[in-house]
Amino acid sequence: MRMTFRWFGEGNDTVPLRYIKQIPGTDGIVWSLHDVPAGEEWPMDQILELKALADKEGLHIDVVESVNVHEDIKLGLPTRDVYIDNYKRTIRKLGEVGVKVICYNFMPVFDWLRTDLHKRMEDGSTAMFYENGIIAGIDPHELVDQINANPSFTMPGWEPERLQHMKKLIGAYQGVTEEHLWANLDYFLQAIIPVAAENGIKMAIHPDDPPWPVFGLPRIMTCQANFRRLIQLYDHPSNGITLCSGSLGANPANDIVAMIHEFGDRIPFAHIRNIRRYENGDFIESSHRTRDGSVDIAGIVKAYHDIGFTGYVRPDHGRQIWDESCRPGYGLYDRALGIMHLWGLWDGFDYSNNGKGVDRHEQQAATHP
Ligand code: DNO
């Protein structure tokens with residue numbers, strides 16, 4: 001596996017790039033142009049600017065998360081073709097600068113959802129929390145009023161323009177079923193996968209988080225059978241998955257180890273993180289350590305190890321610890337600890353498989369600094 005770290009860009013992230021380089025076994029950033037609204041073509045000068053910053057620190061930019069999909073594409077509106085053309089142009093530009101994987105999602109209106117970004121745990125750390133009852137109890141139209149009444153309301157991972165248009169959007173999705181969403185995803189894939197393939201890029205769809213419908217909006221990237229269907233829509237290595245253990249793990253019926261074995265090289269990018277599930281369906285984002293949560297992180301890393309996984313991996317959604325002040329879920333400390341848990345497991349599996357552990361030759365060949 002190739003370890004990476006998500007970075008939100010200069011001025012948008014509290015973690016300096018040079019710190020990322022110091023996390024053991026980490027050699028690339030996962031990035032995006034967060035200020036470009038969904039649907040617009042990415043400007044080359046901004047792409048190159050980001051690349052120059054990463055180059056300076058010796059970090060690669062192979063993985064983009066995300067090039068967001070305009071809602072008109074998900075809704076299947078006639079205007080979608082303009083946005084799909086922009087998307088194709090962005091893919092070509094990213095191919096030109098050497099990007100290998102583009103993560104995206106197909107969730108209507110909302111990306112990932114939590115009800116508390118700073119839930120205090122027994123040890124004094126805070127973590128992101130999802131309380132089923134709160135979401136189930138909110139009428140989508142009331143939510144819009146709530147947001148309209150509070151201009152500072154924001155949601156993690158959202159461009160401001162998406163919030164502004166939410167009222168209109170929720171209305172637009174009325175009558176849009178899961179099957180409509182499948183048809184619109186199909187149309188999108190038929191258009192973009194050939195372009196991704198020509199440009200040496202693997203598209204990697206992110207699961208819906210949480211993996212069930214919210215606010216009456218359909219969600220389809222939720223389970224193994226649906227990922228199988230996704231792959232069948234366009235059977236090509238450039239049509240892949242960002243297998244996120246935390247998103248899928250919120251539903252105990254999802255067997256992530258089985259998904260790794262089934263989808264294998266259709267997983268160019270993996271998010272490995274843990275959550276602790278409660279009986280009533282609530283969940284909290286625990287440390288990455290296997291025993292701290294309900295997701296079998298050791299089993300997942302073993303599955304990747306068993307299939308000889310060479311794709312990109314990143315930790316995700318750390319807790320806020322040691323008084324770090326950062327974007328919720330995206331501090332340095334807990335994600336760096338998460339990386340060490342993942343590498344610890346990986347190296348351990350190397351030892352138990354061949355009795356020799358990591359490639360000693362690689363270490364012996366190292367030149368003196
Ligand atoms: C949350 C992320 C998601 C992800 C998008 C992919 O932290 O995993 O927001 O980036 O869903 O498009």
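The values are calculated or read from the model by the stated rules, or taken from the named source; none is laboratory data. Since the model is a prediction, treat every value here as computed from it, not as a measurement. In this analysis, Cβ positions are derived from the backbone assuming ideal geometry, glycine residues included, and neighbour counts consider all displayed protein chains. SASA here: full protein model, heavy atoms, side chains in, ligands and nucleic acids out. Shrake-Rupley method; radii C 1.70, N 1.55, O 1.52, S 1.80 Å.
Can you report the number of residues in segment 307-326 which are farther than 14 Å from residue 125 by Cα, touching a residue at least 40 places away in the same chain (Cβ under 8 Å) and not hydrophobic (A, V, I, L, M, F, W, C)? Give the derivation first.
Quick first cut of segment 307-326, residues farther than 14 Å from residue 125 by Cα only: 307-316.
Remaining after also requiring touching a residue at least 40 places away in the same chain (Cβ under 8 Å): 307, 309-316.
Those still in the list that are not hydrophobic (A, V, I, L, M, F, W, C) too: 310-312, 314-316.
Summing the residues that are farther than 14 Å from residue 125 by Cα, touching a residue at least 40 places away in the same chain (Cβ under 8 Å) and not hydrophobic (A, V, I, L, M, F, W, C) in segment 307-326 gives 6.
Using the structure shown, decide if residue 102 is farther than 20 Å from residue 208 by Cβ, in contact with a helix residue (DSSP H, G or I) (Cβ under 7 Å, 6 or more places away or on another chain) and open to solvent by less than 20 Å² (accessible area, probe 1.4 Å).
On the way: farther than 20 Å from residue 208 by Cβ: no; in contact with a helix residue (DSSP H, G or I) (Cβ under 7 Å, 6 or more places away or on another chain): yes; open to solvent by less than 20 Å² (accessible area, probe 1.4 Å): yes.
Answer is no for this residue.
Any idea which residue in segment 225-278 is least open to solvent (accessible area, probe 1.4 Å), counting only those that are of a type in the set (Lys, Arg) and more than 15 Å from the ligand (Cβ to nearest atom)?
First, the residues of segment 225-278 that are of a type in the set (Lys, Arg): 228-229, 266, 273, 276-277.
Filter once more, keeping what is more than 15 Å from the ligand (Cβ to nearest atom): 228-229, 266, 276-277.
On the way: 228: 97, 229: 86, 266: 31, 276: 73, 277: 74 Å².
Residue satisfying both the conditions and the ranking: 266.
Quick test of your reading of the structure: residue 83 fulfils all but one of (1) within 21 Å of the chain's Cα centre (by Cα); (2) among the aromatic types (Phe, Trp, Tyr); (3) over 22 Å from residue 10 (Cα atoms). Name the failing condition by number.
(1)
Does at least one position in segment 284-291 carry a residue that is on the phi < 0 side of the Ramachandran plot, within 13 Å of the ligand (Cβ to nearest atom), acidic (Asp, Glu) and in contact with a Cys (Cβ under 8 Å, 6 or more places away or on another chain)?
For segment 284-291, residues on the phi < 0 side of the Ramachandran plot, within 13 Å of the ligand (Cβ to nearest atom), acidic (Asp, Glu) and in contact with a Cys (Cβ under 8 Å, 6 or more places away or on another chain): absent.
Of the conditions (1) more than 27 Å from residue 319 (Cα to Cα); (2) not in a loop (DSSP other than H, G, I, E, B), residue 98 fails just one. Which one is it?
Status for residue 98: all satisfied but (2).
Can you find a residue that is in contact with a Lys or Arg (Cβ under 8 Å, 6 or more places away or on another chain), exposed (fewer than 14 other Cβ atoms within 10 Å of the Cβ) and at pLDDT 95 or above anywhere in segment 13-34?
Within segment 13-34 (the criterion being in contact with a Lys or Arg (Cβ under 8 Å, 6 or more places away or on another chain), exposed (fewer than 14 other Cβ atoms within 10 Å of the Cβ) and at pLDDT 95 or above), the answer is yes, since at least one residue qualifies.
Residues are listed down the side, and each one gets a yes or a no for (1) in a helix (DSSP H, G or I); (2) in contact with a helix residue (DSSP H, G or I) (Cβ under 6 Å, 6 or more places away or on another chain); (3) modelled with pLDDT under 95; (4) within 23 Å of residue 28 (Cβ to Cβ):
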site: 288; (1), (2), (3), (4): no, yes, no, yes
site: 305; (1), (2), (3), (4): yes, yes, no, yes
site: 314; (1), (2), (3), (4): no, no, no, yes
site: 329; (1), (2), (3), (4): no, no, no, yes
site: 345; (1), (2), (3), (4): yes, yes, no, yes
site: 363; (1), (2), (3), (4): yes, no, yes, yes
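Limited to segment 35-60, what total is found for residues that are farther than 30 Å from residue 80 by Cα and open to solvent by 10 Å² or more (accessible area, probe 1.4 Å)? Even if it seems obvious, please write down each step before you answer.
Step one: list which residues in segment 35-60 are farther than 30 Å from residue 80 by Cα, which gives 52-60.
Now narrow it down to the ones that are open to solvent by 10 Å² or more (accessible area, probe 1.4 Å): 52-53, 55-58, 60.
Residues flagged as farther than 30 Å from residue 80 by Cα and open to solvent by 10 Å² or more (accessible area, probe 1.4 Å) within segment 35-60 amount to 7.
Every residue, every condition in (1) modelled with pLDDT under 85; (2) part of a helix (DSSP H, G or I); (3) small (Gly, Ala, Ser), yes or no:
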| position | (1), (2), (3) |
| --- | --- |
| 109 | no, no, no |
| 144 | yes, yes, no |
| 147 | yes, yes, no |
| 175 | no, no, yes |
| 179 | no, yes, no |
| 193 | no, yes, no |
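Only helices (runs of 4 or more DSSP H) wholly contained in segment 215-269 count here; list those with 2 or more residues that are within 21 Å of residue 199 (Cα to Cα).
Working: elements: 224-233, 245-249, 256-263.
Filter on segment 215-269 gives 224-233.
Are any residues in segment 58-116 basic (Lys, Arg), touching a residue at least 60 places away in the same chain (Cβ under 8 Å) and away from the ligand (no atom under 13 Å from the Cβ), and if so, which ones?
If the condition is that a residue be basic (Lys, Arg), touching a residue at least 60 places away in the same chain (Cβ under 8 Å) and away from the ligand (no atom under 13 Å from the Cβ), then 80, 88, 92, 100 are the ones that fit.
Does residue 116 qualify as being within 30 Å of residue 332 (Cα to Cα), at pLDDT below 95 and surrounded by 14 or more Cβ atoms within 10 Å (Cβ to Cβ)? Working first, answer last.
Details: within 30 Å of residue 332 (Cα to Cα): yes; at pLDDT below 95: yes; surrounded by 14 or more Cβ atoms within 10 Å (Cβ to Cβ): yes.
Answer is yes for this residue.
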